[in-house]
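The block underneath contains the structure these notes are about, expressed in structure tokens.
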Amino acid sequence: MSSIGKDLRKILGDKQVLDLPEDVSAYANDATFYIAKKNPDAVAVPKTTKDVSEIMKYAFKNKIPVVPRGAGSGLAGGCTPVHGGIVLDMKKKDRILEIDHKNMSATVECGVVLNNFNRELARQGLFYPPDPQSMSVCTLGGNIATRAGGPRGVKYGTTERYVTGLEMVMPDGTVMTPGGKVMKMSSGYDITHLMTGSEGTLGVITSAHLRLLPMPAAKRTIVVTCTTVDQAAEIVSEIIAAGAVPAMLEFLIKLAISVLNKYISPPLPLLGEAYLLMELDGSASQVEDETRDIKRICTGMGAVDVRVVTDDAESATYWWARSRLYPGMLQIFKRVITEDITVPRNSIPEFVRRVQAIAASTGAFIGLAGHAGDGNMHPTILHTEISEEMSKKAEKAIEEIIRAGLDLKGTISGEHGIGIHKNKFTELEHGADQIELMKKIKAAFDPHNIMNPGKIWIEEAR
Ligand SMILES: Cc1cc2nc3c(=O)[nH]c(=O)nc-3n(C[C@H](O)[C@H](O)[C@H](O)COP(=O)(O)OP(=O)(O)OC[C@H]3O[C@@H](n4cnc5c(N)ncnc54)[C@H](O)[C@@H]3O)c2cc1C
């Protein structure tokens, strides 16, 4: 039993603390391959904001690192502890506190699983658009802390657009409630949105007010088969330039479709090198008009096939399959590293060409999929074996992909966050002055640097 574990038991009681080696080792990584060099000393499972506050007061006084954790589905090593300490497992703080129809707002605790929230909203005819493809496990707290996105980002934006207020616990245990249910606010610095995307480095998000929308009246799925990867990228650019706004516009290469075909019924014939998977939503007439426009653009640009899916059950299989892409790849390859570059949308064709050239020059096997409608591409480095040679190729390919994205005026992360996966590249994107400012902001929130240390930028030696 660790001494930190003993102290936490005095605060929370026996049932809410784990510190056996076999238990804490389950908290040493997220969905990436990064494993903590040192396991956490103990895991605390708070159920109330008061629990979180008491844990933080203890950690602050004793300068113990604290890593907030939702479902651990992150793809950046965000909740992988770098210096041991306490992992805060927030999954038991999982109540939907209120669904307020009059204000089109929900108040939720941070541990609510996104799909459970969606199911409750659907029962009430309401809609919360952010749709990370891990929605069957990921928590709303994790989504807020990473500014999570998903296919619907193209039309509806990502998580930050829906967060209007928070309850949060500061590193010294103080509870704060920035923002609220109001639809707009111009009153001082925007702490709510500073916390949104802060990856657990500024404080603990305990609950949130989220903006809701009415459920769209009509939906339609379209699947476009393209001769080449280049053609698919050009079609995406043209659809955006024409002013059409699909709710989802996903880009997948043939390899991805061959993996997903086991979930798609009937399976898609592998007639093209790349595919676009779209969903249109809105009023029935709007969906009809957009279907016609998009069909015209795709056919006019030489797509092999434009399939308008009218059967709801068949549509659902495409989107279910899309959400299985990462786990499907993991069943085939020994390691899968997903990048998260976002480029201005007119640069997608050039970015795709550069990724193909990087695959050829480095010898890395790179899959390509992404939420192309908002420029968010996920080049994915696929390892057929775990070896030093393959790791070196992957490292080189990742660095070149990141440099290509930045060269095209993109960002190194559109939705997954930085964590430890990309902390050596943040200065390349933002420059030393901005990183210095970020460090000063962190120091103002967290003077002892106990909140998820080692993330977002490279730490000086401790
Ligand atoms: C199959 C698969 C598909 C995915 N698809 C997408 C996608 O389409 N779009 C997308 O954006 N992401 C996607 N992801 C990545 C991941 O699911 C998201 O980043 C998600 O938001 C993480 O939620 P989580 O609850 O698992 O958080 P965790 O992984 O547990 O934590 C993520 C970060 O948030 C911090 N954190 C968690 N909870 C809190 C809290 N209460 N207070 C403060 N900080 C906190 C952690 O410290 C960490 O830095 C995918 C992952 C997988 C495995």
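So that you can scan it fast, the table gives a plain yes or no per residue for (1) surrounded by 20 or more Cβ atoms within 10 Å (Cβ to Cβ); (2) under 20 Å from the mean Cα position of the chain (by Cα); (3) acidic (Asp, Glu):
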| residue | (1), (2), (3) |
| --- | --- |
| Ala397 | yes, no, no |
| Asp407 | no, no, yes |
| Gly410 | yes, yes, no |
| Glu429 | no, yes, yes |
| Met438 | no, no, no |
| Ala444 | no, no, no |
| Lys455 | yes, yes, no |
| Glu459 | no, no, yes |
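For segment 293-318, which positions are part of a strand (DSSP E or B) and within 30 Å of the chain's Cα centre (by Cα)? Walk me through it before giving the result.
From segment 293-318, those part of a strand (DSSP E or B) are 305-309; that's our starting set.
Once the filter is applied, which keeps residues that are part of a strand (DSSP E or B) and within 30 Å of the chain's Cα centre (by Cα), segment 293-318 yields Val306, Arg307, Val308, Val309.
For segment 35-112, which strands (runs of 3 or more DSSP E) that fit wholly inside it have 1 or more residues that are more than 11 Å from the ligand (Cβ to nearest atom), among the charged types (D, E, K, R) and out of contact with any Pro (no Cβ under 7 Å at 6 or more places or on another chain)? Talk me through it step by step, then tell me what you get.
Details: elements: 42-44, 66-69, 86-89, 96-100, 105-109.
Per the criteria, 96-100.
Is there a residue in segment 238-248 that is part of a strand (DSSP E or B) and under 21 Å from Tyr156 (Cβ atoms)?
Taking segment 238-248 first, the residues part of a strand (DSSP E or B) are 248.
After this cut, where a residue has to be under 21 Å from Tyr156 (Cβ atoms) as well, the list is 248.
Checked segment 238-248: at least one residue is part of a strand (DSSP E or B) and under 21 Å from Tyr156 (Cβ atoms).
Against the criterion of being within 16 Å of the ligand (Cβ to nearest atom) and out of contact with any Gly (no Cβ under 8 Å at 6 or more places or on another chain), Pro266 does not qualify.
Only one of Arg354, Arg296 is closer than 30 Å to Ile398 by Cβ, modelled with pLDDT of 95 or more, of a type in the set (Lys, Arg) and not assigned by TED's automatic domain parsing to the domain that holds Ala31; which?
Numbers: Arg296 fails: closer than 30 Å to Ile398 by Cβ.
After applying the criteria, what remains is Arg354.
Residue pairs whose Cβ atoms lie under 8 Å apart, sitting 6 or more positions apart in sequence or on different chains, and linking a residue in segment 184-204 that is closer than 16 Å to Ser413 by Cα to a partner that is of a type in the set (Gly, Ala, Ser) and part of a loop (DSSP other than H, G, I, E, B), are Gly197/Gly417; Glu199/Ala76; Glu199/Gly78; Glu199/Gly417; Glu199/Gly419.
Among the residues of segment 186-214, those identified as surrounded by 14 or more Cβ atoms within 10 Å (Cβ to Cβ) and either away from the ligand (no atom under 16 Å from the Cβ) or among the β-branched types (Val, Ile, Thr) (or both) are Ile191, Thr192, Thr196, Thr201, Val204, Ile205, Thr206, Arg211, Leu212.
What tally of residues in segment 113-139 results from selecting those that are within 15 Å of the ligand (Cβ to nearest atom) and charged (D, E, K, R)?
Applying the first criterion (within 15 Å of the ligand (Cβ to nearest atom)) to segment 113-139 yields 113-118, 128-139.
Next, only the ones that are charged (D, E, K, R) stay: 131.
The number of residues fulfilling the criteria is 1.
The values are calculated or read from the model by the stated rules, or taken from the named source; none is laboratory data. Every value quoted in this text rests on a predicted model; they were computed, and no experiment measured them. Quick reminder, even Gly has a Cβ in these numbers, built from the backbone with ideal geometry, and neighbours come from all protein chains shown.
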